[in-house]
Amino acid sequence: MIRVDHLEKRFGKKVAVQDITLTLERGVYGLLGPNGAGKTTLMRTILGLYKPDGGQVRWGEANARGSDFSFGYLPQQFMAFEELTVEETLAYFATLKKIPKSQRNEEVARCLKLVRLTGEAKKKMGALSGGMVRRIGIAQALLGNPSVVFFDEPTAGLDPEERMNFKMCIAEIKKQATVLISTHIVSDVEGICDHILILHNGRLAATGTRKEIEEIARGKVWVVPAEAKRESTEGHWHLINVYEQDGQEWMRVLSGEQLAEGKLVQPNVEDGYFCCIRGIGGESR
Amino acid sequence: MLYQGDRGGEQMRDRLRILYSGFRNMGKVYWAPYFLLFLFLPYMAYQPVAVAQFSDQFVPLISTDMLQSFSAYIPLIPVWYLVFYFRGQFEPGAAELLLAYRRIPYVRSFDALSIWAHTAFLLLPFALLLKMWLHFTNLLLYSLQYAIIMFVYCVVFFTIMILFRSVLLAAAVPIIYHLLTSIGGEESILFLGNRALNGEILLTKYLPLFFLSLAVGIGVAQIDQNRKTLERTVAPQIKKLRYGKYKTLFFAGMTVLAIGGGVLIYQTFKPDKTGHKVYEGESLVASLLKHFQTEIPAGTTPYFYFAERCAAGLAPMMEKDDSVESSAEAGSADAYLYFYYFDQMWRRFAPQREAESLIEQNRQVLCVQAPSILEKQPYADYTVASYHWMYRQRLCREMVEEGYQEQGEYYQKEIQELVWENVEEDVQFLLQQSNLGDDTPAFWERAALDRDWIYTRLSLSAKDQTKVLSYARLAYIRHRASELGLACPDYRGKTIGNLEVQTSELVEEINGSPSQMQKNERYNSPYSHCGIWPKEWMNF
């Protein structure tokens with residue numbers, strides 16, 4: 001269990017994260033937030049890569065991440081050893097993670113299988129595509145069956161099939177590990193996360209289960225004909241989506257007010273997320 | 001899954017594995033120093049020889065200087081490896097992962113130390129190559145010197161990298177320093193080219209520098225290891241100073257401290273001028289002679305004789321006066337005079353006509369290293385390993401024993417002032433004494449054209465050998481003149497000195513005749529191709 005208590009991190013005068021209090025237990029946590037919200041800073045501070053300017057992080061009972069915690073981490077920019085083969089790269093990380101030598105090969109093979117790159121084991125990292133490198137990044141994080149895994153933008157550069165595969169990986173490890181996935185793509189975490197944390201301007205705007213996040217938007221999600229809505233200046237609303245149905249263009253919008261042409265619909269996590277970061281009834285469109 | 005506890009062996013293996021991966025990740029870049037050491041340097045050294053189509057004998061001679069110039073850059077090799085090893089560790093993502101996963105203490109310092117050791121080890125076969133191919137001397141001392149300089153650069157790199165988090169800056173400082181000092185730093189701390197290395201310099205300059213670097217390295221490794229603690233304790237205090245109201249004072253203090261520290265280190269470790277290059281030799285000798293209140297103009301016969309006496313160990317600079325400030329100066333002067341003397345000999349006896357001056361060829365070589373050039377072939381046969389040199393040494397010693405000061409005076413009194421008939425009589429006796437055979441034209445020819453034959457008769461004193469050689473030469477000149485139908489002066493009643501002058505032009509005529517050249521070719525002595533020696537050579 002990781003406890004974060006009133007955590008604060010500044011870079012000069014800029015406050016990157018402030019007053020973050022949360023508890024991470026076994027399960028999958030989605031850390032959502034727009035670019036610059038402080039997701040990466042929060043992750044790095046929890047991992048001990050940044051020294052907090054306020055508050056504290058407790059790993060179990062300790063004040064900092066101790067050696068009894070096995071963990072995996074995929075940073076936003078994963079370093080690729082261009083001249084090493086895939087296998088060698090993973091063996092390198094297995095060494096860094098102090099996985100016993102007798103288990104390294106087995107572990108490397110298992111993780112390669114998880115990210116479906118067994119066939120590329122002998123290829124040099126420099127010869128892999130961006131998506132494949134990302135998958136190697138995921139594989140190294142999973143080496144050693146860590147009890148805590150942090151993924152920072154794990155699906156960046158992955159094709160839809162690989163995104164799905166990543167979700168399957170997470171589903172496999174969620175029972176025995178604490179997983180924190182940072183992303184600004186809501187659909188990446190929607191189906192797999194037990195808990196969602198929404199970070200906005202360095203603060204936790206909302207936390208809760210998928211249902212709880214959806215509930216934030218209940219009664220505020222409207223579907224209106226696009227043509228009618230574009231011409232209307234009535235009320236304050238925020239566009240979520242535009243789609244076509246039965247030959248007509250529709251807009252999915254968020255509004256705290258009653259919209260004359262609109263009809264209320266069931267909210268989803270994305271609606272909840274937008275509610276949090278835009279504020280219901282905000283001024284801008 | 002994680003292993004815990006103290007498993008030293010396994011930790012060490014893991015460290016080496018990480019190190020190996022770092023090296024592997026360099027790719028082709030890893031092999032660049034190998035290319036430099038084992039292909040480029042040997043090629044650059046051999047290329048002038050190949051172009052000029054000299055014989056292999058010349059390879060060491062021509063190559064040495066070239067190789068020394070290039071090998072001055074060898075200490076930068078570990079910087080090369082450090083850059084490509086550590087560059088990835090400070091890129092975004094990489095640093096994060098390494099910091100996040102790092103559980104093996106001192107990993108960076110261990111890696112830097114290993115890279116240094118790896119490079120030092122890499123130099124071993126190169127050093128052996130130099131030893132075997134170019135017969136380098138003092139190789140152990142030079143290897144230690146290089147290893148220490150490389151260590152210092154590694155520590156400088158490591159310190160800057162850890163403190164400033166920049167591989168680029170860490171590489172730039174030692175590289176710029178090395179290049180600047182290599183170009184013009186006569187007095188620089190680590191400059192390799194202009195000093196003769198000896199055990200004393202290594203002990204008093206390089207070893208303390210090594211220990212100072214070691215102490216700095218350990219300190220920086222501790223900072224790296226305890227960065228988090230320091231960030232919590234020391235860093236806030238520094239931050240306060242840096243951004244507080246006394247920040248100007250803080251920066252001024254730091255600047256003074258840095259400059260003061262630099263000057264202190266420089267003053268402590270700066271080398272004395274312990275070596276002079278060949279091109280400085282002449283002025284060095286002149287200044288020492290002036291110090292001894294003696295004046296012998298360079299290029300004159302007395303200067304040559306002085307050089308000969310020095311080469312024979314009869315007039316070393318330090319023996320005359322121990323007030324010379326630096327024994328290294330006297331050593332360089334002696335070595336220069338030695339080299340100068342044999343350069344004259346080489347230019348006279350060299351198989352090819354108009355041989356290029358060794359002094360001109362080796363201007364950038366240290367004086368104390370220059371004599372080793374003479375020990376290599378083909379120079380040795382015509383200089384230090386010649387019978388002529390053995391003879392001249394004996395002659396100089398006999399001269400001193402007889403109370404003479406200078407070879408010119410000695411030759412004049414003991415040979416040139418003798419009358420022909422007296423010499424003839426003396427030589428008759430000497431021929432019997434030394435079993436040289438009868439006084440016949442065959443004897444005259446061999447003694448004139450194959451001087452080694454006489455030199456090796458050690459039962460004769462050097463003075464007697466000189467007498468025999470002078471007599472045989474003049475007798476041979478007269479014999480050849482009659483064979484060739486040339487006019488020859490009457491020797492009767494004349495002194496040897498007088499006859500040397502009177503036959504001077506005749507010698508030139510005889511030597512220029514094809515029949516004389518054929519006769520010269522019959523003998524294998526290194527000087528036979530010179531024919532009958534001109535009078536100027538008789539006391540050289």
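The values are calculated or read from the model by the stated rules, or taken from the named source; none is laboratory data. Just so we're clear, the structure is a prediction, and the values are computed from it rather than from any experiment. Don't worry about glycine lacking a Cβ; one is built from the backbone with ideal geometry, like all the others, and counts go over all protein chains shown. Surface areas here come from the heavy atoms of the whole protein model, side chains and all, with no ligands, DNA or RNA. Shrake-Rupley method; radii C 1.70, N 1.55, O 1.52, S 1.80 Å.
List of remarks:
- Restricting region A:105-119 to residues that are more than 27 Å from the chain's Cα centre (by Cα) and farther than 18 Å from B:Y20 by Cα, the residue that is farthest from the other protein chains (Cβ to nearest Cβ) is A:G119.
- Test: residue in region B:512-521 that is open to solvent by less than 10 Å² (accessible area, probe 1.4 Å) and either among the small types (G, A, S) or closer than 23 Å to B:Y410 by Cβ (or both): no
- Of all residues in region B:438-459, those satisfying the criterion of being buried (at least 20 other Cβ atoms within 10 Å of the Cβ) and aliphatic (A, V, I, L, M) are B:A447, B:A448, B:L449, B:I454.
- Flag not set for B:K239, criterion: more than 14 Å from chain A (Cβ to nearest Cβ) and among the basic types (K, R).
- Test result for A:S102, open to solvent by 10 Å² or more (accessible area, probe 1.4 Å), more than 11 Å from chain B (Cβ to nearest Cβ) and free of Cβ contacts under 8 Å to residues at least 24 places away in the same chain: no
- Every residue from region A:165-192 that is in contact (Cβ under 8 Å) with a residue 60 or more places away in the chain, of a type in the set (V, I, T) and closer than 19 Å to A:P146 by Cα: A:I170, A:T178, A:V179, A:I181, A:I192
- Any hit, region B:224-231, residues being open to solvent by 60 Å² or more (accessible area, probe 1.4 Å) and touching a residue at least 40 places away in the same chain (Cβ under 8 Å): yes
- Members of region A:142-154 found to be among the β-branched types (V, I, T) and buried (at least 22 other Cβ atoms within 10 Å of the Cβ), listed by number: A:V149
- The listed residues are B:E508, B:E521, B:E445, and the only one of them that is within 44 Å of the chain's Cα centre (by Cα) and free of Cβ contacts under 8 Å to residues at least 24 places away in the same chain turns out to be B:E521.
One line per residue, one yes/no per condition, for (1) modelled with pLDDT under 65; (2) in contact with a helix residue (DSSP H, G or I) (Cβ under 6 Å, 6 or more places away or on another chain); (3) open to solvent by less than 60 Å² (accessible area, probe 1.4 Å); (4) at the interface with chain A (Cβ under 9 Å from one of its Cβ atoms):
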{"site": "B:G5", "(1), (2), (3), (4)": "yes, no, yes, no"}
{"site": "B:R17", "(1), (2), (3), (4)": "no, yes, no, yes"}
{"site": "B:F40", "(1), (2), (3), (4)": "no, no, no, no"}
{"site": "B:Y46", "(1), (2), (3), (4)": "no, no, no, no"}
{"site": "B:S63", "(1), (2), (3), (4)": "yes, yes, yes, no"}
{"site": "B:F86", "(1), (2), (3), (4)": "no, yes, yes, no"}
{"site": "B:R103", "(1), (2), (3), (4)": "yes, no, yes, yes"}
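Each row is one residue, and each column tells you yes or no for (1) modelled with pLDDT of 85 or more; (2) of a type in the set (D, E, K, R); (3) part of a helix (DSSP H, G or I).
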{"residue": "B:D111", "(1), (2), (3)": "yes, yes, yes"}
{"residue": "B:S114", "(1), (2), (3)": "yes, no, yes"}
{"residue": "B:A120", "(1), (2), (3)": "yes, no, yes"}
{"residue": "B:F126", "(1), (2), (3)": "no, no, yes"}
{"residue": "B:W133", "(1), (2), (3)": "no, no, yes"}
{"residue": "B:I148", "(1), (2), (3)": "yes, no, yes"}
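- Qualifying residue in region B:405-412 (condition: open to solvent by less than 10 Å² (accessible area, probe 1.4 Å) and under 32 Å from the mean Cα position of the chain (by Cα)): yes
- Qualifying residue in region A:72-86 (condition: part of a helix (DSSP H, G or I), within 29 Å of A:M1 (Cα to Cα), at the interface with chain B (Cβ under 9 Å from one of its Cβ atoms) and at pLDDT 85 or above): no
- Matching helices (runs of 4 or more DSSP H) fully within region B:476-540 where at least 1 residues are touching a Pro at 6+ places or on another chain (Cβ under 7 Å): B:496-502, B:504-512
- For region B:388-445, a tally of residues being closer than 30 Å to B:I296 by Cβ, part of a helix (DSSP H, G or I) and of a type in the set (A, V, I, L, M) returns 5.
- Strands (runs of 3 or more DSSP E) completely within region A:1-66 that count 2 or more residues being open to solvent by less than 10 Å² (accessible area, probe 1.4 Å) and away from chain B (no Cβ under 14 Å): A:2-11, A:14-24, A:27-32
- Taken as a whole, the condition of being of a type in the set (F, W, Y) and at pLDDT below 85 applies to B:Y246.
- In region B:346-370, the residues that are surrounded by fewer than 19 Cβ atoms within 10 Å (Cβ to Cβ) and either over 19 Å from B:C530 (Cβ atoms) or in contact with a strand residue (DSSP E or B) (Cβ under 7 Å, 6 or more places away or on another chain) (or both): B:E360, B:Q361, B:R363, B:Q364
Per-residue answers, yes or no, for (1) modelled with pLDDT of 90 or more; (2) surrounded by 22 or more Cβ atoms within 10 Å (Cβ to Cβ); (3) in a loop (DSSP other than H, G, I, E, B):
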{"position": "A:V108", "(1), (2), (3)": "yes, yes, no"}
{"position": "A:K122", "(1), (2), (3)": "yes, no, yes"}
{"position": "A:S187", "(1), (2), (3)": "no, no, no"}
{"position": "A:I192", "(1), (2), (3)": "no, no, yes"}
{"position": "A:L199", "(1), (2), (3)": "yes, yes, no"}
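- Test: residue in region A:158-179 that is within 14 Å of another protein chain (Cβ to nearest Cβ) and closer than 17 Å to A:N35 by Cα: no
- Selection of region B:323-346 for residues being modelled with pLDDT of 85 or more and not polar (S, T, N, Q) yields B:A335, B:Y336, B:L337, B:Y338, B:F339, B:Y340, B:Y341, B:F342, B:D343, B:M345, B:W346.
- Screening A:Q140 on (1) part of a helix (DSSP H, G or I); (2) at pLDDT 85 or above; (3) of a type in the set (S, T, N, Q); (4) out of contact with any helix residue (DSSP H, G or I) (no Cβ under 7 Å at 6 or more places or on another chain) shows it passes everything except condition (4).
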